[in-house]
Amino acid sequence: MKKESLILSVALLCSTGVFAQALPEGMTALLPAGVTANISQNKQVYAQKNMAVAGSPTKGYKAFFSAKDADHGEELWVTDGTPAGTKMVKDINPGLATSDIQWLTRFNDKVVFTANDGENGYEPWISDGTEAGTFMLKDVHELESSNAVGYCQLDETRLIFYAMDFESEMAQEGSKMQYLWITDGTEDGTKLLKEVDCIFPGQEEADNRWGANMRVGRRVFFKAEEADKNGVTHGVELWVTDGTPEGTYLVKDINIEPNLGKNDGVSTLSPALAHMQNFYNEKLFFKAWSMESGNEPWASDGTEEGTYEIFNTNPTVGANGLGNGGGVCMAGEPYNGEIIFRAKTPEIGFELGATNLEKGNMKFFDIFTYEPTNTNNSYPDCGVVFDGLYIFCAATGFDAAVESHHGGELHCYDGKKVWLQYDFAPGTASNWVKEPIVVGGSMYWWNEGNIDGTTATDTKLIRLDKADGVPQIISNIDANGDKVYCLRNLNGDLLFTSAVNNQVYCYHYRQEGYDPNKNPDNMEIEYRTRKEIAESSGIDNITADKRTVVTVSPNPATEYFTVDVDSPVKAVRIYSISGSLAKAVNAPANNTVNVSDVAPGIYMLSIETDEGTCVSKLIVK
């Protein structure tokens, strides 16, 4: 039977023109013959058919995904990155029927997801990777499916999600609402939190990578509107929850445009919320529409007074009296105290924007400067922090006759300037970077464009070992294009899948001279703010009444930095963001510290003087 299946598999590969290539060293196919994964082929981390990595430093890490074989429908599978450790977890919907695993989301060392067991419909489930530890959390809707969505970890022990129960289904005629629920991972601890109509993903743009809700510290910001549609409503606005009913509320009515459909003179419309990003567990960055400004970047600390438009990128007003707005999308991970995103202004078009989220703070970088620059757009995508820089993709033109046009390529940003990382795709062809991720000290992505102008190298897996290095194509799955996507970090190894064969691959690689502190694999969830990290990193005796912050220069530093303070420096301690001591220097000469032996990255400084202990931030390049 196995031999016949193998012959059939080979025949199918040949008949479809798919010919497997030899895998490079370190790359392993994980699924047994006859097993196919079902993982969404998009650029979003909250995909309906997701692959989620969960675990802990003590228990290790595993990746969960859905797959099917000849004897089972689509069920939950798990892998530790080896073929021997890749297996079906549980046949939730027995036999050939499918449990249709959806919205896989990490919950510490477990995953939560929505599945159909054939009896209770689509309900929330949880799994630790074992059959015994995989069970339905709660039959939320006892008569039909609750269709739970929007899973998001709230704090160290709880997770929120949205689901439809009998009351929410019947609360408003013609509207099957999803209320806010909370769970601690047990049936008794899975409870209704708030009767509010949660919207997921709602109006979310397809180019948003991070999701339709966002944890900031130990709270979750989400999109919702009032459950009582007969009363005053404010559209789909920004809400926040700390896991308590009283701590779950509408943050601010951002769009005060009257809802003429309600005809009550009070109800308002939605602000088209999107592109949420966590800013160091301190604030939420997001895009919102208001009557005065149109679509612009906003920030929120969870209070009405602390929710504000950061900057009006296009202050012009249309004939209808409404703000024309600029544009906000492709928000990347925080870097050097900023959120970097794709902004649009009338002067330069769609280019790179950066802000520290303080009101009025904004800077723009015109990457595609060919005139007319306001119609020649670089369309920067969201990037990642690598080698102490923010690295992202942007376009500089597609006219082969113009020397400065290089198509879409990687660019680097250091907080002050932007430059081309490398013209990897010859001429004006594009190395259009999608799903950038840092794993095992290297940066990976897949290419959405054509590296050599043909489809032969379309969607290959590409690796970069150093910010000033040359990217390398490393996948070789199929001669007609590898169709690589869903890149994940499994404790320093790269997991990904291919639409060519719906296989899951693990790639183990460490560059020569690999330093785990330079580009660390951050597998654990961080809830602390920058201040809390500094205070818990051994930086003690912080004085609030004297100099709590000093100036160091140059910053970023490459070989040394000097502390700008009147009194002699007694000692300098350099801590990584994770809290480990990178270097300590007592009584540095001329207040100058050599950092040529410190790995590139972002650090906290504890500087001891006669006036007390001061705190500052340092970037080493």
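At a 10 Å Cβ-Cβ cut-off, how would you order K417, K359, fewest neighbours first?
Working: K417 8, K359 11.
By the 10 Å Cβ count, ascending, the order reads K417, K359.
Show that you can apply the helix-only estimate: for the chain, add -39,500 (n - 2.57) for every DSSP H stretch of four or more residues, divide by all residues, and state [θ] at 222 nm to the nearest 500. Walk me through the numbers on the way to the answer.
Working: 3 runs with 25 residues, N = 621.
Helix-only estimate at 222 nm: -1000 deg cm²/dmol.
Extension gain K417-E131, at 0.36 nm per residue separation less the Cα-Cα distance, in nm? Walk me through the numbers on the way to the answer.
Values: separation 286, 0.36 × 286 = 102.96 nm, distance 5.22 nm.
Going from the current span to full extension adds 97.7 nm.
Just list whichever of K359/K531; K287/K359; K49/K229; K344/K483; K49/K87; K59/K87 have alpha carbons separated by over 24 Å in the model shown.
Values: K359/K531 20 Å; K287/K359 14 Å; K49/K229 32 Å; K344/K483 31 Å; K49/K87 18 Å; K59/K87 18 Å.
As for pairs spanning more than 24 Å Cα to Cα, those are K49/K229; K344/K483.
Dividing the alpha-carbon radius of gyration of segment 568-621 by 2.2 N^0.38 Å (N being the number of residues), what value is obtained? Please list the in-between numbers first.
Numbers: Rg = 10.7 Å, N = 54, 2.2 N^0.38 = 10.0 Å.
Its radius of gyration relative to the 2.2 N^0.38 Å reference: 1.06.
Which shape class, rounded, prolate or oblate, goes with segment 55-128 when its Cα gyration tensor gives a ≥ b ≥ c as root eigenvalues, a/c under 1.5 marks rounded, and past that a/b bigger than b/c marks prolate? Present the calculation step by step, with values, prior to reporting the outcome.
Working: a/c = 2.89, a/b = 1.39, b/c = 2.08.
Cα axes put segment 55-128 in the oblate bin.
Between I437 and L143, what is the label-to-label distance in nm when each label sits 7 Å out along the Cα-to-Cβ direction?
Taking the simple label geometry, I437 and L143 are separated by 4.2 nm.
For N522 and E371 in the same chain, what is the full-extension length gain: residue separation times 0.36 nm, less their Cα-Cα distance, in nm?
On the way: separation 151, 0.36 × 151 = 54.36 nm, distance 4.20 nm.
Gain on stretching N522 to E371: 50.2 nm.
How would you rank 525-534, 372-381, highest first, on the average number of other Cβ atoms within 10 Å across their residues? Could the numbers behind the result be given before it?
Numbers: 525-534: 15.9, 372-381: 18.7.
Ranked by mean Cβ neighbours within 10 Å, highest first: 372-381, 525-534.
Could you give me D for segment 311-422, from Stokes-Einstein at 25 °C and 0.890 mPa s, where the hydrodynamic radius is the Kirkwood radius over C-alpha pairs? Units µm² s⁻¹, please. Walk me through the numbers before you get to the answer.
Values: Rh = 14.5 Å.
It comes out at roughly 169 µm²/s.
Provide the packing ranking of 429-436, 610-617, 497-504, i.e. peptides ordered by the mean count of other C-beta atoms within 10 Å per residue, highest first. Present the calculation step by step, with values, prior to reporting the outcome.
Details: 429-436: 23.9, 610-617: 17.4, 497-504: 21.5.
By packing density, highest mean first, the sequence is 429-436, 497-504, 610-617.
Could you name the aspartates and glutamates whose alpha carbon sits less than 16 Å from that of K223, not counting residues in the same chain fewer than 8 places away?
Result set, ordered by chain and number: E195, D197, E204, E205, E237, D242, D253, D301, E304.
Determine, for H508, H234, the number of other Cβ atoms within 10 Å of each Cβ, and report the residues in order from fewest to most. Display every interim value, and only then the final one.
On the way: H508 16, H234 22.
In increasing order of surrounding Cβ atoms, one gets H508, H234.
I'd like to know which of L487, A534, N502 lies farthest towards the positive end of the charge dipole of segment 480-540, counting +1 on Cβ of Lys and Arg and -1 on Cβ of Asp and Glu.
About the Cα centre, the residue reaching furthest to the positive side is N502.
Please arrange D184, D69, D564 by how many other C-beta atoms lie within 10 Å of their C-beta, fewest to most. Mind dumping the intermediate values first?
Values: D184 14, D69 17, D564 11.
The most exposed by this proxy come first: D564, D184, D69.
Which value in nm describes the separation of the simple spin-label points at N586 and V232, placed 7 Å from the Cα toward the beta carbon?
About 6.6 nm, to one decimal.
At what distance in angstrom do the alpha carbon centres of segment 388-455 and segment 54-111 lie from each other?
34 Å
Express the relative contact order of segment 210-348 as a whole percentage, based on alpha carbon pairs under 8 Å and six or more residues apart in sequence. List each step's numbers first, then the result.
On the way: 330 pairs, mean separation 23.8, N = 139.
This gives 17 percent for segment 210-348.
So which of K283/K518; K363/K417; K466/K617; K363/K621 end up more than 18 Å apart by C-alpha?
Details: K283/K518 27 Å; K363/K417 11 Å; K466/K617 23 Å; K363/K621 22 Å.
Distance filter (> 18 Å) returns K283/K518; K466/K617; K363/K621.
Tell me the label-point distance for the pair E167, R510, using the 7 Å Cα-to-Cβ offset, in nm and rounded to one decimal.
Result: 5.4 nm between the two label points.
How would the chain be classified by its alpha-carbon gyration tensor: rounded, prolate or oblate, with rounded meaning a/c under 1.5 and the a/b versus b/c comparison settling the rest?
It is rounded, given that a/c, with a ≥ b ≥ c, falls under 1.5.
None of the figures in this text is laboratory data; all of them are computed from the coordinates on show. All figures in this text were calculated on a predicted structure; none of them were measured in a lab. Note that each Cβ is placed from the backbone with ideal geometry, even for glycine, and that neighbours are counted across all protein chains shown.
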